[in-house]
Amino acid sequence: MGFLVIFLTFWGMEFMAWLTHKYVMHGFLWNLHFDHHTPNKEVFFEKNDAFFLIYAIPSWLCIMLGSMFAAWTVMYIGFGILAYGIAYFLVHEVFIHQRLKWFRNSNNVYLRAIRRAHKVHHKHRDKEKGECFGMLIVPWKFLRQELKQIKA
Ligand SMILES: [Zn+2]
Ligand SMILES: [Zn+2]
């Protein structure tokens, strides 16, 4: 049961991340997200990192209140949000943008396809006319391109 709630929350978060990215970050909170589209190698933190806090708060509240009041579903939802945060961090900050040099490259077709899709997102430097707002759910064409490249 707990695993199922965590699993569903995790993939629900992918949808939430897509929605937030497309309509909030590239919308009325663009002033917090724009510096992620115009990277500055001199500074480690980006204003964009504020979104980690925005998602960390509900996760922390769910885990704390859920365990205080024995509301286990709520607690597992908190863990699901946390798991997504960790996955997002590893894929987006570490693997794609190399903000921490923990691992540089991968032969994993799925990871490479995620990176390819996100690089397409970064081709656009402005608020409007973006594409590939999701992270872990990748359009087939990027998987196919990576498959082809790995076979070649
Ligand atoms: Zn963006
Ligand atoms: Zn990015």
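Name the one entry in ILE81, ILE86, ILE57 that is surrounded by 13 or more Cβ atoms within 10 Å (Cβ to Cβ), of a type in the set (Val, Ile, Thr) and at pLDDT 95 or above.
Values: ILE86 fails: surrounded by 13 or more Cβ atoms within 10 Å (Cβ to Cβ); ILE57 fails: surrounded by 13 or more Cβ atoms within 10 Å (Cβ to Cβ).
Going through ILE81, ILE86, ILE57 in turn, just one is surrounded by 13 or more Cβ atoms within 10 Å (Cβ to Cβ), of a type in the set (Val, Ile, Thr) and at pLDDT 95 or above: ILE81.
Of the residues that sit in the range 125-140 and are open to solvent by 100 Å² or more (accessible area, probe 1.4 Å) and free of Cβ contacts under 8 Å to residues at least 24 places away in the same chain, which one is farthest from ligand 1 (Cβ to nearest atom)? Steps first, please.
First pass over the range 125-140, keeping only residues open to solvent by 100 Å² or more (accessible area, probe 1.4 Å): 125, 128-129, 137, 140.
Remaining after also requiring free of Cβ contacts under 8 Å to residues at least 24 places away in the same chain: 129, 140.
Details: LYS129: 11, TRP140: 22 Å.
Checking each candidate, the answer is TRP140.
Look through the range 98-115, keep the residues that are more than 16 Å from ligand 1 (Cβ to nearest atom) and not in a loop (DSSP other than H, G, I, E, B), and return whichever of them is farthest from the chain's Cα centre (by Cα).
Among residues in the range 98-115 that are more than 16 Å from ligand 1 (Cβ to nearest atom) and not in a loop (DSSP other than H, G, I, E, B), the one farthest from the chain's Cα centre (by Cα) is VAL109.
Considering the range 22-45 alone, what residues qualify as being more than 12 Å from ligand 2 (Cβ to nearest atom) and hydroxyl-bearing (Ser, Thr, Tyr)?
The one that is more than 12 Å from ligand 2 (Cβ to nearest atom) and hydroxyl-bearing (Ser, Thr, Tyr): TYR23.
Just checking, which of PHE10, PHE51, PHE15 is of a type in the set (Phe, Trp, Tyr) and open to solvent by 50 Å² or more (accessible area, probe 1.4 Å)?
Matching residue, one of PHE10, PHE51, PHE15: PHE15.
Go through (1) in a helix (DSSP H, G or I); (2) touching a residue at least 40 places away in the same chain (Cβ under 8 Å); (3) over 30 Å from TRP72 (Cβ atoms) and name the single condition ASN31 misses.
(2)
Do you know which residues across the range 116-134 are assigned to a loop (DSSP other than H, G, I, E, B), touching a helix residue (DSSP H, G or I) at 6+ places or on another chain (Cβ under 9 Å) and among the charged types (D, E, K, R)?
ARG125, ASP126, LYS127, GLU128, GLU131
Could you list all residues from the range 60-77 that are surrounded by fewer than 13 Cβ atoms within 10 Å (Cβ to Cβ) and not in a helix (DSSP H, G or I)?
Once the filter is applied, which keeps residues that are surrounded by fewer than 13 Cβ atoms within 10 Å (Cβ to Cβ) and not in a helix (DSSP H, G or I), the range 60-77 yields PHE69, ALA70.
Can you tell me which residue among ARG115, ARG99, ARG125 is under 18 Å from ASP49 (Cβ atoms) and within 16 Å of ligand 2 (Cβ to nearest atom)? Explain how you work it out, then say what you get.
Working: ARG115 fails: under 18 Å from ASP49 (Cβ atoms); ARG125 fails: under 18 Å from ASP49 (Cβ atoms).
From the options ARG115, ARG99, ARG125, the qualifying one is ARG99.
How about the range 7-63: which of its residues are within 13 Å of ligand 1 (Cβ to nearest atom) and of a type in the set (Phe, Trp, Tyr)?
TRP18, TYR23, TRP30, PHE34, PHE51
The values are calculated or read from the model by the stated rules, or taken from the named source; none is laboratory data. Not measured: the values here are computed from a predicted model. Glycine gets a Cβ as well: all are built from the backbone with ideal geometry, and neighbour counts include every protein chain shown. When the accessible area is computed, the model is the full protein with side chains, heavy atoms only, and any ligands, DNA or RNA have been set aside. Shrake-Rupley method; radii C 1.70, N 1.55, O 1.52, S 1.80 Å.
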